[in-house]
Amino acid sequence: MTDRNEKTDQKPFNEIDKLIHEPARLMIFSYLYIVESADFTFLIRQTGLTWGNLSAHITKLENAGYVKIMKEFKNKKPNTMLSLTNKGREAFNTYRKNMKQIFEDLPQ
Amino acid sequence: MRKVLCVTKMFTITQESVMENRINLDKLETKIFTTTYQDGLLDMFLGIILLQFAIGPLLTDIGFSDFEASAVFIPVWFIALFIFFIIKRFITKPRIGNIKPGPVRKTKIVKFNIILFVILFAAFLIGLLYEDFSHQINFLFPMTFSMIILVLASVSAYYLNIMRLYYYGIMIAIAPLIGEFLWNLGLVSHHGFPLVFGISSFVLIAAGLNLFIRFLHNYPKIKMES
């Protein structure tokens with residue numbers, strides 16, 4: 001009985017998406033959530049992450065199906081645009097809801 | 001490194017930050033959009049537009065008609081626009097990156113364009129009426145001009161989230177009133193336009209140049225990796 005209660009108590013915490021919860025990825029998610037799409041330069045500038053770091057995070061998010069990478073040419077130069085997929089947007093909304101729930105349930 | 005820490009701090013999860021989630025995302029959206037205007041090009045372009053009001057009246061002294069004195073600036077605006085377009089493409093964009101705005105900003109821009117059209121159309125109608133009443137009421141032209149500029153600047157500042165446009169609006173709105181006052185005292189010619197708009201234009205171009213230099217300093221070009 002106690003075990004079941006503990007499991008229920010932990011439920012909101014377990015539902016937190018760890019892939020989004022990491023601060024750097026949370027930053028990337030927040031920026032991509034607001035815009036339709038953005039390129040690497042923009043994200044590096046806004047997040048303060050290095051190229052390699054950002055690239056590693058983006059790969060993880062792409063593998064999870066949260067981020068879509070579009071390679072295009074701009075002024076005859078390759079330009080990589082990034083955007084959140086529908087799955088990514090839903091995951092971010094769920095994450096926001098869960099986090100809000102956790103903090104709302106805490107006593108003042 | 002310091003910047004990374006500062007930016008990361010912005011995303012530190014606290015009870016307050018989660019409760020104010022909506023507000024923070026709004027702030028982030030504003031921050032993203034206003035970055036585009038940190039290069040000072042808009043300020044410089046507004047300054048160049050104002051030059052027309054400063055130099056135009058002087059051209060009438062050397063034989064230009066009112067229409068010619070205004071029309072002569074159209075190619076200047078196009079040249080300035082072309083130069084700023086080139087700067088935006090080859091200097092600004094490679095430094096801040098490219099974005100396609102989200103639905104919130106797109107709606108805001110559409111609303112802004114509609115309101116801008118309504119204001120400019122109203123200004124055009126007022127301009128037509130002005131011919132009939134201008135000689136009957138003193139200060140009518142500068143007051144009308146000031147009001148239109150104030151409304152235009154306030155709407156632009158609000159919808160584009162560029163706070164300095166409020167200050168520019170106040171400065172440009174006051175200019176013709178001061179000019180008219182000085183002209184009534186007999187201290188200046190051409191309703192004081194060359195003086196007051198010359199100063200306003202100089203302030204805007206100087207502010208734009210200052211922003212541009214700061215922009216180049218704060219946003220060095222990022223080296224792309226394959």
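Taking the criterion of being within 14 Å of another protein chain (Cβ to nearest Cβ), surrounded by fewer than 17 Cβ atoms within 10 Å (Cβ to Cβ) and touching an Asp or Glu at 6+ places or on another chain (Cβ under 7 Å), would at least one residue in segment B:100-112 satisfy it?
Residues of segment B:100-112 that are within 14 Å of another protein chain (Cβ to nearest Cβ), as a first pass: B:100-109.
In the following step, the residues that additionally are surrounded by fewer than 17 Cβ atoms within 10 Å (Cβ to Cβ) were identified as B:100, B:103-104, B:106-107, B:109.
Adding the requirement that they be touching an Asp or Glu at 6+ places or on another chain (Cβ under 7 Å) leaves B:100, B:104.
The answer is yes, given that some residue of segment B:100-112 is within 14 Å of another protein chain (Cβ to nearest Cβ), surrounded by fewer than 17 Cβ atoms within 10 Å (Cβ to Cβ) and touching an Asp or Glu at 6+ places or on another chain (Cβ under 7 Å).
Suppose we filter B:LEU195, B:LEU177, B:LEU165, B:LEU182 for residues that are over 25 Å from B:ASP39 (Cα atoms), of a type outside the set (Asp, Glu), out of contact with any Gly (no Cβ under 7 Å at 6 or more places or on another chain) and part of a helix (DSSP H, G or I); which single one remains? Steps first, answer last, please.
On the way: B:LEU195 fails: out of contact with any Gly (no Cβ under 7 Å at 6 or more places or on another chain); B:LEU165 fails: over 25 Å from B:ASP39 (Cα atoms); B:LEU182 fails: out of contact with any Gly (no Cβ under 7 Å at 6 or more places or on another chain).
Result of the check over B:LEU195, B:LEU177, B:LEU165, B:LEU182: B:LEU177.
Just wondering, is there one or more residues in segment A:82-101 that are closer than 22 Å to B:ASP26 by Cβ, touching a Lys or Arg at 6+ places or on another chain (Cβ under 9 Å) and of a type in the set (Ser, Thr, Tyr)? Checked against the condition, which is being closer than 22 Å to B:ASP26 by Cβ, touching a Lys or Arg at 6+ places or on another chain (Cβ under 9 Å) and of a type in the set (Ser, Thr, Tyr), segment A:82-101 yields at least one hit. Inside segment A:13-39, residues that are at pLDDT 90 or above, over 13 Å from the mean Cα position of the chain (by Cα) and assigned to a helix (DSSP H, G or I) make up a count of 0.
Of B:LEU120, B:LEU152, all but one fail to be within 26 Å of B:LEU59 (Cβ to Cβ), within 18 Å of the chain's Cα centre (by Cα) and surrounded by fewer than 16 Cβ atoms within 10 Å (Cβ to Cβ); the exception is B:LEU120. Among the conditions (1) at pLDDT 95 or above; (2) crowded, with 19+ Cβ neighbours inside 10 Å, the only one that B:PHE145 does not satisfy is (1).
The condition of being at pLDDT 90 or above and under 28 Å from B:ASP39 (Cα atoms) holds for B:VAL110. Determine whether segment B:77-97 contains at least one residue that is closer than 30 Å to B:GLU180 by Cβ and at pLDDT 85 or above. Yes, that holds for at least one residue.
Considering only residues of segment A:66-108 that are without any contact (Cβ under 8 Å) to a residue 12 or more places away in the chain and among the basic types (Lys, Arg), which is surrounded by the most Cβ atoms within 10 Å (Cβ to Cβ)? Break it down stepwise before answering.
Kept after step one, since they are without any contact (Cβ under 8 Å) to a residue 12 or more places away in the chain, are these residues of segment A:66-108: A:71-78, A:86, A:90, A:93, A:96-97, A:100, A:103-104, A:106-108.
Cutting the leftovers down to among the basic types (Lys, Arg) gives us A:71, A:74, A:76-77, A:96-97, A:100.
Values: A:LYS71: 8, A:LYS74: 13, A:LYS76: 5, A:LYS77: 9, A:ARG96: 18, A:LYS97: 13, A:LYS100: 14.
That would be A:ARG96.
Select from segment A:51-108 the residues that are more than 10 Å from chain B (Cβ to nearest Cβ), of a type in the set (Ser, Thr, Tyr) and assigned to a helix (DSSP H, G or I) and list them in ascending order. Listed by number, the residues that qualify are A:THR59, A:THR94, A:TYR95. With respect to A:PHE42, is the statement that it is buried (at least 22 other Cβ atoms within 10 Å of the Cβ), more than 7 Å from chain B (Cβ to nearest Cβ) and in contact with a Gly (Cβ under 9 Å, 6 or more places away or on another chain) true? No, not satisfied. More than 30 Å from A:ILE34 (Cα to Cα), assigned to a helix (DSSP H, G or I), in contact (Cβ under 8 Å) with a residue 12 or more places away in the chain and of a type in the set (Ser, Thr, Tyr): is that true of B:SER200 in this structure? When the stated conditions are applied, B:SER200 passes them. Taken over segment B:148-173, residues that are in contact with a Leu (Cβ under 8 Å, 6 or more places away or on another chain) and either among the hydrophobic types (A, V, I, L, M, F, W, C) or modelled with pLDDT under 85 (or both) amount to 8. Within segment A:83-100, is there a residue that is at pLDDT below 90, of a type in the set (A, V, I, L, M) and more than 19 Å from B:ASN24 (Cα to Cα)? No, there is no match, as no residue in segment A:83-100 is at pLDDT below 90, of a type in the set (A, V, I, L, M) and more than 19 Å from B:ASN24 (Cα to Cα). Would you confirm, using the coordinates I've provided, whether B:GLY127 is at pLDDT below 90 and part of a helix (DSSP H, G or I)? So B:GLY127 passes the test.
The values are calculated or read from the model by the stated rules, or taken from the named source; none is laboratory data. Fair warning: this is a prediction, and the values are worked out from it, not measured in the lab. Reconstructed Cβ throughout: ideal geometry from the backbone, glycine too, with neighbour counts over all protein chains shown.
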